[in-house]
1. Can you confirm whether LEU110 is within 24 Å of GLU63 (Cα to Cα), under 27 Å from the mean Cα position of the chain (by Cα) and at pLDDT below 90?
2. Only one of (1) surrounded by 14 or more Cβ atoms within 10 Å (Cβ to Cβ); (2) touching a strand residue (DSSP E or B) at 6+ places or on another chain (Cβ under 9 Å); (3) closer than 19 Å to THR102 by Cβ is not met by LEU78, so which one is it?
3. Could you grab me the full set of residues in region 1-41 that are small (Gly, Ala, Ser), assigned to a helix (DSSP H, G or I) and modelled with pLDDT under 90?
4. Considering region 155-177 alone, what residues qualify as being crowded, with 16+ Cβ neighbours inside 10 Å and without any contact (Cβ under 8 Å) to a residue 40 or more places away in the chain?
5. Being touching a Gly at 6+ places or on another chain (Cβ under 7 Å) and on the phi > 0 side of the Ramachandran plot is the filter here; which residues of region 50-87 pass it?
Amino acid sequence: MTNDRMPTDATTTLTTLLAIAPDLVERDRVRRQALRVGAVRHEGLAPLKEAAFAGEGLALTWEVPRDDEGLCAGEGVLAVLAPIAAGLALLHDAGLAHGGVTASSVHVHLGRGMLSGWRPGGTPEGDVADLVTLIDAQLPSASVGADVAQILIAGSDPDPAARPSMARIAAVLARAADACLPHISPPAHRRARVGEAPPPRPAEHGAAPVPSRRTSPTPGRGRHAARRAPAGTRSASLRSMRVPWRWGVAAAGAVVAAFLGFSALGSAGSAQEICPAGPSSAAWSSLVQQAIGG
């Protein structure tokens with residue numbers, strides 16, 4: 001991952017000298033390896049400007065921030081070393097190693113660190129041990145989290161194979177650096193305090209302002225509101241009471257049942273009046289004979 005470089009006026013050059021063997025083949029091999037390391041671009045790695053022979057050594061010129069604040073102890077060291085760990089992880093992925101991770105090779109600019117220098121013969125496991133030692137020396141023990149403590153213990157393991165990768169260390173440092181940043185909750189700042197009225201809305205031209213609910217609190221709430229309310233507002237509150245729908249259904253059912261009951265009683269009385277009981281058989285025979293005789 002490559003990022004935009006800093007402006008030219010904000011950087012300066014730093015030259016480091018490496019003592020190498022006088023063998024021409026070895027000198028050329030070291031120079032080519034230094035150029036490969038300098039070709040890896042990352043914000044946590046200082047760019048290599050030049051690699052030239054100087055006498056019996058190799059002069060490496062690095063581009064570093066002009067305003068170098070230096071590495072300071074404290075919780076901020078996690079944010080400072082996080083980009084350096086990410087740059088070293090990218091370097092290890094390319095099959096290379098730095099070999100010179102020290103406090104003097106760390107340059108801090110705007111709270112972000114950049115690593116310069118390079119030494120031949122380094123290994124990725126050695127870079128992990130050097131960075132873990134640097135973190136352990138600069139970070140207060142009271143502020144070490146569980147993940148950071150785990151990489152500090154595993155990174156200093158005598159067995160190089162048991163040490164974590166630089167990619168894992170970079171991920172842990174990035175999370176720890178984000179946790180150290182202040183978290184702001186915008187909804188919490190927008191939430192009004194208790195008893196604080198919201199700002200009034202600007203009224204349109206010719207329209208009456210709408211009163212706010214918070215500015216006109218009701219005199220009482222709950223089932224005892226009618227007792228606490230003044231006499232003028234008690235009748236209004238009683239008129240605004242609504243009967244629950246279950247009570248309305250029950251009342252309607254009672255009315256229908258009463259109506260059906262009264263209808264049944266009225267029907268029975270009318271049937272007795274309209275259709276009276278017929279005469280007996282003897283009376284009926286006498287009536288028939290009188291009609292025949294007459």
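The values are calculated or read from the model by the stated rules, or taken from the named source; none is laboratory data. Nothing here was measured: the structure is a model prediction, and the numbers come from that model. Reconstructed Cβ throughout: ideal geometry from the backbone, glycine too, with neighbour counts over all protein chains shown.
1. On the way: within 24 Å of GLU63 (Cα to Cα): yes; under 27 Å from the mean Cα position of the chain (by Cα): yes; at pLDDT below 90: yes.
Yes; evaluated as a whole, the condition is true for this residue.
2. (2)
3. The first filter runs over region 1-41 and keeps only residues small (Gly, Ala, Ser), leaving 10, 19, 21, 34, 38-39.
Remaining after also requiring assigned to a helix (DSSP H, G or I): 10, 34, 38-39.
ALA10 - this is the single residue of region 1-41 that is small (Gly, Ala, Ser), assigned to a helix (DSSP H, G or I) and modelled with pLDDT under 90.
4. The answer is GLY155, ARG163, PRO164, ARG168, ALA171, VAL172.
5. none
Every residue, every condition in (1) over 24 Å from ARG32 (Cβ atoms); (2) buried (at least 20 other Cβ atoms within 10 Å of the Cβ); (3) not aliphatic (A, V, I, L, M), yes or no:
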position: HIS107; (1), (2), (3): yes, yes, yes
position: GLY111; (1), (2), (3): yes, no, yes
position: LEU115; (1), (2), (3): no, yes, no
position: TRP118; (1), (2), (3): no, yes, yes
position: THR123; (1), (2), (3): no, no, yes
position: VAL128; (1), (2), (3): yes, yes, no
position: VAL132; (1), (2), (3): yes, yes, no
position: LEU139; (1), (2), (3): yes, yes, no
